[in-house]
Amino acid sequence: MDMNQHISRLFAYDDWANREVLVALESTNNPPARSLKLLAHILSAERLWLERLLQEKQSNPVWPEFSMEQCKVEAAELPPLWKKYLASMNESTFAASITYTNTKGESFSSQRQDILIHVTMHSAYHRGQIAADMRAAGRTPPLTDFIHAVRQGFVD
């Protein structure tokens, strides 16, 4: 499996897992506010990293105050944008570094492949926080494990 296939699988998983969280939060009467805030952060951070990779201006704050509806819009808009970006990549562009400035004004240089892996791992980390938050509120979180997605055929 080449790097593009590997990263594309991770982003397919990420899209599926984000949608699972959205469905779970939508089906819950009065979802925990922190869970919604974490989901908004996941989606905003994913867009922020894409904008950094494309060397575009940041469009959303890192911790936005998105409604459920805004989260749904972001979750629908992001996957095709990531697919388009990944389709433009090859082995050499994955290894190439880019320089970007974080929200604190600090400059960094990272390989694109490291950024892409970070995006999916960052989102998984916060989905774990959402699961814990939902359990603490007496609700049942969705199962968003990568291996579950693969076993069930949600990810090739």
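The values are calculated or read from the model by the stated rules, or taken from the named source; none is laboratory data. Since this is a predicted model, take the numbers as computed values, not measurements. Ideal geometry is used to build each Cβ from the backbone, glycine not excepted, and the neighbour counts take in all protein chains shown.
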* Asked: Which is under 19 Å from Phe146 (Cα atoms) and either touching a strand residue (DSSP E or B) at 6+ places or on another chain (Cβ under 9 Å) or surrounded by fewer than 20 Cβ atoms within 10 Å (Cβ to Cβ) (or both), of Arg34, Arg19, Arg52?
  -> Arg19
* Mind listing just one residue for me: the one in segment 131-147 that is in a loop (DSSP other than H, G, I, E, B) and of a type in the set (A, V, I, L, M, F, W, C) and, of those, surrounded by the most Cβ atoms within 10 Å (Cβ to Cβ)? => Ala137
* To do: Please work out if Lys72 is loosely packed, with under 11 Cβ neighbours inside 10 Å, touching a helix residue (DSSP H, G or I) at 6+ places or on another chain (Cβ under 9 Å) and outside any strand (DSSP E or B).
  => no
* **Val155, sole failed condition from (1) part of a helix (DSSP H, G or I); (2) in contact with a helix residue (DSSP H, G or I) (Cβ under 6 Å, 6 or more places away or on another chain); (3) under 15 Å from Asn4 (Cα atoms)** => (1)
* **Single match in Ser59, Ser44 (criterion: among the polar types (S, T, N, Q) and buried (at least 19 other Cβ atoms within 10 Å of the Cβ))** => Ser44
* Structure fact -> Scanning segment 27-58 for residues that are more than 11 Å from the chain's Cα centre (by Cα) and more than 14 Å from Ala131 (Cα to Cα) gives Ser27, Asn29, Asn30, Glu51, Arg52, Leu53, Leu54, Gln55, Glu56, Lys57, Gln58
* So which of Tyr100, Tyr85 is surrounded by 13 or more Cβ atoms within 10 Å (Cβ to Cβ), hydroxyl-bearing (Ser, Thr, Tyr) and touching a Lys or Arg at 6+ places or on another chain (Cβ under 6 Å)? -> Tyr100
* Return yes or no: is Ser59 part of a helix (DSSP H, G or I) and hydroxyl-bearing (Ser, Thr, Tyr)? => no
* Might you check whether a residue that is closer than 21 Å to Val21 by Cα and touching a Pro at 6+ places or on another chain (Cβ under 7 Å) occurs anywhere in segment 44-59? => yes
* Which of the residues belonging to segment 103-130 are modelled with pLDDT of 95 or more, farther than 16 Å from Leu43 by Cβ and surrounded by fewer than 13 Cβ atoms within 10 Å (Cβ to Cβ)? -> Glu106, Ser107, Phe108, Ser109, Asp114
